[in-house]
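Peer 1: I'd like to ask you about the structure that follows.
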Amino acid sequence: MAKTGTTTQGLRAAIERSGYYPALVAEAVQAAVGGEPVVSYLVHQETTFDANEVRRHVTVLVLTGTRFIVSHTDEQAADATSPSPYATTSTESVKLGRISSVVLSRVVANPESYTPGQLPREVVLTIGWGAVARLDLEPASCGDPNCEADHGYTGSSTADDLSLRVSEAGDGPDSVRETLTFAQALSEATAATTSAR
């Protein structure tokens with residue numbers, strides 16, 4: 001990344017520290033950010049176990065003055081479509097005005113002795129902008145146990161475009177702190193966008 005601002009340099013350093021194909025990830029993120037200054041960012045690497053394979057992937061979230069950018073990179077083993085291992089990188093750029101929800105769930109140990117500023121042991125950041133929605137449907141009823149009429153279905157729709165879980169045990173306290181900081185910056189940016197309408 002060619003920018004010289006501390007936040008952009010910090011983003012590049014965080015991508016390098018993740019050690020997960022940093023040149024590939026940094027190029028994809030830079031192309032999506034373009035010339036905009038970076039306001040806040042979060043780099044989250046996760047390792048998953050799939051049968052007898054270990055898979056890694058990294059998610060980079062970037063907040064600019066006008067957009068929320070998501071970059072996700074996965075690695076894949078050689079398969080029928082490719083004789084050698086490969087990685088897939090995707091980026092999505094979302095205007096801040098499209099973000100409909102920023103949900104931050106905190107898990108705190110011993111809540112009876114919680115003190116303000118205490119770090120949660122786990123956080124889940126869920127961001128919705130309408131690209132993906134989950135529908136939960138169930139048969140509707142009228143409450144009459146003897147009724148055999150078809151009342152159709154009832155349900156709910158939940159925006160669930162991105163969900164990121166970060167824990168102190170798995171990712172370290174700095175990652176939890178960085179997630180809290182990013183979530184606050186994104187919440188403030190979307191609130192400012194909403195009030196400007």
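The values are calculated or read from the model by the stated rules, or taken from the named source; none is laboratory data. Being a predicted model, the structure only gives us computed values, none of them experimental. Note that we place each Cβ from the backbone using ideal geometry, even for glycine, and neighbour counts take in every protein chain shown. Accessible surface is based on the protein model in full, side chains and every heavy atom, while ligands, DNA and RNA are left aside. Shrake-Rupley method; radii C 1.70, N 1.55, O 1.52, S 1.80 Å.
Peer 1: Checking K95 against (1) over 25 Å from T8 (Cα atoms); (2) of a type in the set (D, E, K, R); (3) in contact with a Lys or Arg (Cβ under 7 Å, 6 or more places away or on another chain), which test does it fail?
Peer 2: The one condition K95 does not meet is (1).
Peer 1: A further question on this structure: Across the stretch 70-105, what is the number of residues that are outside any strand (DSSP E or B) and β-branched (V, I, T)?
Peer 2: Result for the stretch 70-105: 2.
Peer 1: Within the stretch 106-133, restricting attention to residues that are out of contact with any Pro (no Cβ under 6 Å at 6 or more places or on another chain) and in a strand (DSSP E or B), which residue is nearest to A183 (Cα to Cα)?
Peer 2: L125
Peer 1: Contact list please: Cβ distance under 8 Å, first residue in the stretch 15-26 and at positive phi, second residue open to solvent by less than 30 Å² (accessible area, probe 1.4 Å), pairs at least six apart or on different chains.
Peer 2: Listed by first residue and then by second, the contacts come to Y21/V58; Y21/T73.
Peer 1: Still on this model: Residue check, S105 against (1) out of contact with any Leu (no Cβ under 7 Å at 6 or more places or on another chain); (2) within 29 Å of E16 (Cβ to Cβ); (3) open to solvent by 50 Å² or more (accessible area, probe 1.4 Å), all met but one. Which one?
Peer 2: Only one criterion is unmet by S105, namely (2).
Peer 1: Which count do you get for residues in the stretch 166-176 that are under 12 Å from H44 (Cα atoms), assigned to a helix (DSSP H, G or I) and not hydrophobic (A, V, I, L, M, F, W, C)?
Peer 2: 4
Peer 1: Among D144, D150, D174, which is open to solvent by 70 Å² or more (accessible area, probe 1.4 Å), modelled with pLDDT of 90 or more and not aliphatic (A, V, I, L, M)?
Peer 2: Result of the check over D144, D150, D174: D174.
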